[in-house]
Amino acid sequence: MNMDISLNAEIGCFITDLNAVKASAEEFSAIKKLLYKHKIVILKDQNMLEQQFCDLAVALGEPIPYLQENYHHPDYPLIFVSSNVEQNGEKFGVARTGGYWHSDTSFLDYPVALTMLYPQIIPVNSRRTTLFIDLEKALDEMPTELKRCLDNRYLIQRGKWKYKVREEDVGLDMSEIMMLIHQVQPPVSHPAVIRHPATGNKTLFASRGFTIGIDGMGTDEANTLLESLFDFIEQDRFISEFQWQLGDIIIWDNRFLAHKAGRLAENNDPVSGDINKEEDTLVYRIIIRDGLPLGNK
Ligand SMILES: [Fe+2]
């Protein structure tokens, strides 16, 4: 297995000569090691069917279907479909996902650590990227005063503001939808700082999209503190951007990273979101438990 470590970013590792469909147990264990070391692994030049993508997830851990079924691939429920195209004349997955900073499923009691993306259709004119905040580095370089405010704190994580209204929700008013989300997934709290179970390094576990409060702190005080925290971690020096190529399978560990979907125009400028001018896009995603806790003490 050949490894080409990304030179233009501080995180990420490209694996260029592995056919993941035929990989051995030793190679999967090597991928996991690289993942914990470099936070992101990109398998280049892959060509696999849906079932093989699911098998890859099983080889890396325990894949978990997303909690909302409207995101599922109709034939492969483990696959979360982010797409604005139709399949056989029917809606296929959910469009415009993940355009805000978040760690996947941080709003669950036991967040699913690993995410694996497999782009199927990449637009030609607005190239797709994923942006990542290195939360370990951000914690490391955080001003002492801000760090002290987070000492022994638990942050409240909640996905409700990012809920995508479904066809069956039509007719419900907003308060009913909010109640529904609350019943399905009440807010949870996780430590602000976790110790990565594989590396032992401390990392921050927070994101503007899903972190909505601080246990035991009033709303105003918590909002002010979280605002300064997000402004600090969203600085360019902590952010890396990876552009997708067809054939890429991008795997990352949500413990170390917050991420959001990005788009670049031909001139590499970010593209602003105009729903009406969107080109076709289709991405498969599977979330995977890696058998380790979110963090150790
Ligand atoms: Fe995501």
**Prompt:** 222 nm [θ] for the chain, helices only, -39500 (n - 2.57) per DSSP H run of 4+, per residue, to 500?
**Reply:** -6500 deg cm²/dmol
**Prompt:** Within the range 1-117, what is the number of lysine pairs with alpha carbons under 30 Å apart, leaving out pairs fewer than eight places apart on the same chain?
**Reply:** 8
**Prompt:** Taking 1 over the mean of 1/r across every pair of different Cα atoms in the chain, what Kirkwood radius in Å do you get?
**Reply:** 20.0 Å
**Complete:** If one builds a Gaussian network model of the chain from Cα atoms under 10 Å apart, the most fluctuating residue listed among Asp236, Asp104, Asp45 is Asp236
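Throughout, read-outs are computed from the coordinates displayed, never taken from laboratory work. In this text, all values refer to a predicted model and were calculated from it rather than measured experimentally.
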